[in-house]
Amino acid sequence: METLVRKIESQLAGLPVPVAVKLPRGQRVGSSAAAVTLSFQDWAALGTMATGRIGRMAEDFVESRLELEGQMRDLMAVAEGLLPGTPVNHEAHWWTPMVRRARSLVLHATPEKDAQKVQFHYDVSDDFYALWLDARRVYSCAYYQDPAMSLAQAQEAKLDHICRKLMLAPGERFLDIGAGWGGLLMWAAEHYGVTATGITLSKNQHAYVQRLIEDKGLQGRVRMELRDYRELDEAQGYDKIASVGMFEHVGMANMPAYFGKIERLLKPGGLVMNHGITAGSVHPGQLGAGMGDFIEKYIFPGGELLHVSHVLRDMAQAGLEMVDTENLRPHYARTLWAWSDALEARLDEARQVLRTTGSASDSDKMLRAYRLYLAGSGMCFEKGWLGLHQILATRPDGNPETGSLRGAQSAYPFNRGYIYPAPS
């Protein structure tokens with residue numbers, strides 16, 4: 001044990017913030033003026049720290065084998081300092097894609113399996129999410145068009161940014177795949193006059209948006225369906241389609257079918273916006289040091305990320321032409337830290353809300369998991385280990401006379417002037 005303790009003391013000396021460690025036998029090592037205190041309940045958990053298995057340390061915290069004291073930003077600085085190297089996978093063997101595809105096929109074998117995974121995360125508790133999301137409950141990367149914006153303002157800016165990129169116009173048929181709590185649906189209908197349809201696999205979200213439609217008097221203009229994207233009717237196409245924070249749940253093996261479905265749902269000349277998390281490596285897999293395993297177990301079972309280059313390949317193979325790609329990675333870092341700060345400020349309320357839906361033990365575990373998930377994700381986006389891309393694509397109509405430029409084959413103007421007007 002003495003060798004292990006000396007290893008821990010050596011680690012503490014190299015960390016960016018002062019840290020103290022309470023050992024299972026009661027001894028304390030490290031800083032006497034610690035910003036972060038780690039209290040271990042058993043020696044195995046202490047061994048996990050010595051090897052830099054951050055994801056397993058997170059699991060030890062959730063399961064109460066480890067107690068953490070300190071501000072979340074300080075805790076994440078400690079987590080980064082303990083890593084033995086980058087958690088991003090930069091190497092792959094020739095068989096890696098085949099193994100990943102086989103695993104993906106199993107994880108996403110049926111719509112029923114995907115529905116269970118989505119409900120595991122999104123049907124936790126509407127009241128819990130309401131504690132730390134903005135009033136519109138927009139659960140995706142905000143757009144800080146002005147750095148001085150609040151989270152709520154940045155979320156509205158994101159909704160409008162998407163609508164402007166899609167060039168939404170009154171009377172158009174608009175589809176939102178994975179519509180969440182309806183923020184984009186409502187914004188598009190109320191501000192751009194479209195006829196909007198949203199789909200979700202979350203029962204809670206479906207019920208919430210149904211009430212929202214009635215409260216706002218948008219029956220006939222907005223519809224929300226509890227439906228898998230694979231079940232959508234292709235008979236009558238959509239002018240514009242958005243998918244925001246959803247394709248992370250599709251799975252690598254299903255990505256060609258997913259974009260193929262979108263291509264068939266989209267009218268010739270129409271626009272689609274795919275907004276989602278991307279991997280930081282061109283050889284994607286789960287984040288290392290056990291971080292991906294933690295997310296898989298406690299937060300997003302079955303979630304899979306692709307590098308943006310792989311996403312573009314699958315879109316192109318489906319017949320969709322990418323016309324604009326924007327990286328919003330630091331915007332998501334700030335969004336996640338805003339969510340983390342909001343949750344940290346209301347921990348007691350969050351604990352009570354979760355206990356209305358489950359046992360005290362399970363609720364406390366969930367709260368601990370979400371605390372680490374939000375702050376840890378914020379760190380991952382800041383470091384570039386994860387990305388966030390908005391990809392705008394068209395379904396070319398084959399007519400060279402369509403559009404403002406010959407050969408455009410869609411309404412897209414092939415410049416960004418309509419999104420970013422020139423300064424006056």
Label points 7 Å out from Cα along the Cβ direction at T86 and N415: separation in nm? 3.8
Shape descriptors of the range 202-288 over alpha-carbon atoms, Rg and Dmax in angstrom, are 15.7, 48
Could you go through the range 240-251 in sequence order and give the Karplus-derived ³J(HN,Hα) for each residue, using 6.51 cos²θ - 1.76 cosθ + 1.60 with θ = phi - 60°, rounded to whole Hz, and x for Gly and Pro? 9, 9, 10, 9, 10, x, 10, 6, 4, 8, 6, x
Segments 72-81, 406-415 sorted - mean Cβ within 10 Å per residue, highest first: 72-81, 406-415
Interchain or long-range residues, amide H under 5 Å from V124's placed H: none
Relative contact order [Cα under 8 Å, 6+ residues apart], the range 180-313, whole percent: 20
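Between V29 and H283, how high is the FRET efficiency from 1/(1 + (r/R0)^6) when r is the Cβ-Cβ distance and R₀ = 35 Å? Nearest 0.05.
Numbers: r = 38 Å, r/R0 = 1.10.
For V29 and H283, the calculated efficiency is 0.35.
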Under the helix-only model (-39500 (n - 2.57) for each DSSP H run of 4 or more, divided by the residues of the chain), the mean residue ellipticity at 222 nm, to 500 deg cm²/dmol, is -13500 deg cm²/dmol
3J(HN,Hα) from dihedral phi, the range 339-356, Karplus parametrisation 6.51/-1.76/1.60, rounded to Hz, x for glycine, proline: 5, 4, 4, 5, 5, 4, 6, 9, 4, 5, 4, 4, 4, 5, 4, 5, 6, 7
Take the cross-link list K216/K383; K297/K383; K203/K365 and give me the ones stretching past 29 Å between alpha-carbons. K216/K383
Within the range 24-60, trypsin sites (Lys or Arg not before Pro) in DSSP loop having at most 14 other beta-carbon neighbours inside 10 Å: R25
Using the alpha-carbon atoms, what tilt in degrees (0 to 90, nearest 10) does helix 96-107 show relative to the longest principal axis of the chain? 80
For the chain, what D do you get in µm² per second when you plug the Kirkwood radius from alpha-carbon pairs into Stokes-Einstein at 20 °C and 1.002 mPa s? 93
Can you give me the long-range amide H partners of I241? Hydrogens built in the peptide plane at 1.01 Å from N, cutoff under 5 Å, separation of 5 or more residues or another chain. L175, L271, V272, M273
What would the Debye formula give as log10 I(q)/I(0) at q = 0.12, 0.13, 0.25, 0.27 Å⁻¹ for the alpha-carbon point model of the range 268-345, no solvent? -0.49, -0.56, -1.28, -1.32
Using alpha-carbon coordinates, inclination of helix 203-216 to the longest axis of the chain, degrees: 50
Sorted largest first, extent of the range 355-417 alpha carbons per principal axis (Å): 64, 30, 19
I need the phi-derived Karplus couplings for the range 357-374: 6.51 cos²θ - 1.76 cosθ + 1.60, θ = phi - 60°, integer Hz, Gly and Pro marked x. 10, x, 5, 4, 5, 5, 5, 5, 4, 5, 5, 4, 5, 5, 4, 6, 4, 5
Taking R0 as 41 Å, what FRET efficiency do you get between E63 and Q236 from their Cβ-Cβ distance, rounded to the nearest 0.05? 0.25
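None of the figures in this text is laboratory data; all of them are computed from the coordinates on show. Quick caveat, the model's predicted, so the values are computed rather than measured. Glycine also receives a Cβ, built like all others from the backbone with ideal geometry; neighbour counts cover every protein chain displayed.
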